[in-house]
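Below you'll find the structure, written out as structure tokens, and then a few comments.
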Amino acid sequence: MRGDRRCRTAGRAGSAGVRAAQQLTSSRGLAWVAFLLAAAALLADPPGAAPDGLRAAVPAAGSPALAVDAIALARWIRDAKPGLRVLDIRAAAAFEAYHVPTARHVPRNRLDAALPEPGETVVLYTDDGATAAAAVAGLRARGYDQTFWLEDGLAGWADRILEPTLRADATGAERAEFREIADLARWFGGVPRTDAGAPANAEAPASASARVKAIRRGC
Amino acid sequence: MATLERDTGRERARPRVAAARAPRPYMSPYLAGVGIGIVLLLAFVLMGRGLGASGAFSTVVSVGVAQASPATVASNPAFARYAGEGVANPLADWLLIEVIGITLGALVSGWLAGRFRFATERGPNIAVRNRLLLAFAGGAVMGFGAKLARGCTSGLALTGGALLAPGAWIFVATAFAAAFAVAPLVRRQWR
Amino acid sequence: MPFYENGVFGDGAALALALLIGFVFGWFLERGGLGSARKLAGQFYLTDMTVLKVMFSAIVTAMLGSFWLARLGLLDLARVFVPATYVLPQIAGGLIFGVGFVVGGLCPGTSCVAAATGRKDGFAVMAGMCAGILLFGLAFPWLETFYASTPLGAATLPALFGVSRGTVVFCITVLALAAFFGASRLERRFGASGA
């Protein structure tokens, strides 16, 4: 790798320190540093250790057991479940635009100031649910067991509570269930709809009041 | 109509005609890479996220589409995701500011190193116009691919690669494979 | 750490950091010569292996750095955003991206670097990117199902293969070093003839 060594202007007949630094930052030096750090990593976290143990168990797509679906949450709120705290962990502007009734706003990076007390049930939500799931996993890993995330986030809330849609081909049991959901929806100011003739797998767009956009952490 | 060929930088800089300042040789790619790796690590430590580039372009496009046709943005998740709060204030978008930073950093570095020049990089046997058309076409294909893969070399390959995301390594492998495969077809723009 | 995630500073400072982080990123990209489409394209003719060297040096540096900061308890890896894996879309997207990359000679980040140093082809690639993104958006209704297929979430290689993080870090480092060694030899072989 000689050709890749960094050009140095002449005249720096350096002390041993400068020379050592030069050696270390030469390609060969860097390669050795990298190899030694990697070998040490192998020793520090050997093949037999827990898979990805350093990255405390974050469920890949959000464990369902930690999720509460929109309808269950709606029932909890309507029935004033004792100790229930609903936290909106999105940006303030999004919270102002629309939030689940009774929710409090806590930005995601200030959750440490709003940790659950014993006996409380805390439900976190975001626009799509994924970020809330990660936050809940983090809290659970620290021992806060009564924390849940809202499945499918506000998008699911908009679909299932604000604009629940009864499919045209619903069975009798589904219609009976829908009556309760429709009551729940109206309690929250939602508008139950019946879907005459639309195909069963059509995506119902959320209403303008609940237009949601996922928090962007990626690129 | 002089063609502007760039030396690969591995040799020392050749004397260049009509350069206000002789361009300095490039930094060792390993050192530059380590520098970038340190910046990436800083992003992890300070922000809990990595770098990116294509997302900033998505924001610009989505904001543009929102100006032209708000209905399109409202009904299309591909645009809505990037136009969200950014419609009100695109400058509140982290990636967009980061990309502006990239441009400034490159500008200052290039200027100080004497490498700033209004030019079109191309080989001796292709016209400027054709090279620019190829560049545009390449960019369009890349934009499409980056959206599909949910990232580009900075956001997915570098960030995901360092964080050991399988998708990042899949992306690097397939991108390199495709590039190697197609390279012979566009060789004439450099020869 | 990560400081922002722990509420150490707010959104204004985060944006200022974005500018600073981007600045240093752009600085090193330009210093390494990645603003030159000719240099980047040279990777795929085996005459100039700069792309491989810079990319993998960066990945290995950040990978080793994040491993050790985590191992020393200084960085909570669970709070660092890991790009999601979607197997099929990323295979397809990668292939398509690779084609665009070699045709244009610049990637999204380096097109900004090229434009910043006055290269018109940098501007052309940036404009093309916008066009491609627009096209993707307009075609999204037809692509939506494929786009969302085969998700693995925030998966990581160690978790996926059931091995320790240290194992994966070691393997990737060794592979990268081997690649650097091979790259130099290829450059010596093909680089002299030059593109």
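The values are calculated or read from the model by the stated rules, or taken from the named source; none is laboratory data. Computed from a predicted structure; not experimentally measured. Here the Cβ positions follow ideal geometry from the backbone for every residue, glycine too, while neighbour counts run over all protein chains shown. What goes into the accessible areas is simple: the full protein's heavy atoms, side chains included, and nothing from ligands, DNA or RNA. Shrake-Rupley method; radii C 1.70, N 1.55, O 1.52, S 1.80 Å.
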Worksheet item: With a 1.4 Å probe, how much accessible area is buried between chains A and B, both sides summed, in Å² to the nearest hundred?
Response: 1700 Å²
Worksheet item: For A:107-116, what's the mean count of beta carbons from other chains sitting within 10 Å of each residue's beta carbon?
Response: 3
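What average number of partner chain Cβ atoms lie no more than 10 Å from the Cβ of the residues making up B:109-118?
Working: counts 13, 11, 4, 3, 4, 0, 8, 6, 3, 4.
For peptide B:109-118, the averaged partner shielding equals 6.
Would you calculate a helix-derived [θ] at 222 nm for chain C, using -39,500 (n - 2.57) for each DSSP H run of n ≥ 4 and dividing by the full residue count, to the nearest 500?
Details: 8 runs with 135 residues, N = 195.
It comes out at -23000 deg cm²/dmol, rounded to the nearest 500.
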Worksheet item: In Å² (nearest 100), what accessible area is buried between B and C, both sides summed, heavy protein atoms only, 1.4 Å probe?
Response: 10900 Å²
Practice prompt. Heads up, I need the accessible area for C:Lys120: 1.4 angstrom probe, whole protein in place, Å², nearest 10.
Written response: 100 Å²
Response to the item:
Here the residues of the range C:145-181 whose accessible area is at least 50 Å² smaller with all protein chains than in the chain alone (probe 1.4 Å) are C:Tyr147, C:Leu157, C:Ser164, C:Arg165, C:Phe170, C:Leu177
Worksheet, complete the sentence: Accessible-area loss of at least 50 Å² (1.4 Å probe, chain alone to full protein assembly) applies in the range B:154-177 to B:Leu158, B:Ala162, B:Leu163, B:Leu164, B:Pro166, B:Trp169, B:Ile170, B:Thr174, B:Phe176
Item to complete: Please give the average number of partner chain Cβ atoms lying within 10 Å of the Cβ of each residue in B:120-128, rounded to a whole number.
Response: 4
Worksheet entry | Relative contact order (%) - chain C, alpha-carbon pairs under 8 angstrom, separation at least six | 31 percent
Worksheet item: Which listed residue (B:Ala135, B:Ala157, B:Ala146) has the Cα farthest towards the positive end of the charge dipole for the range B:121-191, taking +1 on Lys and Arg C-beta and -1 on Asp and Glu C-beta about the Cα centre?
Response: B:Ala135
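Grab the beta carbon distance between A:Ala72 and C:Cys171, set R0 = 45 Å, and tell me the FRET efficiency rounded to 0.05.
Working: r = 44 Å, r/R0 = 0.98.
Approximately 0.55, to the nearest 0.05.
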Response to the item:
Counting sequence-distant residues (5 or more places) and residues on other chains, those with an amide H built under 5 Å from that of C:Gly153 are C:Thr85
Response to the item:
Any residue on another chain or 5+ positions along whose placed amide H is under 5 Å from the amide H of A:Leu87 is listed here as A:Arg104, A:Val123, A:Leu124, A:Tyr125
Worksheet item: Using the alpha-carbon centroid of each, what span in Å lies between the range B:126-171 and the range A:131-152?
Response: 34 Å
Practice prompt. Work out from phi, with θ = phi - 60° and the Karplus expression 6.51 cos²θ - 1.76 cosθ + 1.60, the ³J(HN,Hα) of each residue of the range C:99-104, listed in order in whole Hz, and give x for Gly and Pro.
Written response: 4, x, 4, 6, 6, x
Discussion item. Given the whole protein assembly as supplied and a 1.4 Å probe, what does the accessible area of B:Met27 come to in Å², nearest 10?
Written reply: 40 Å²
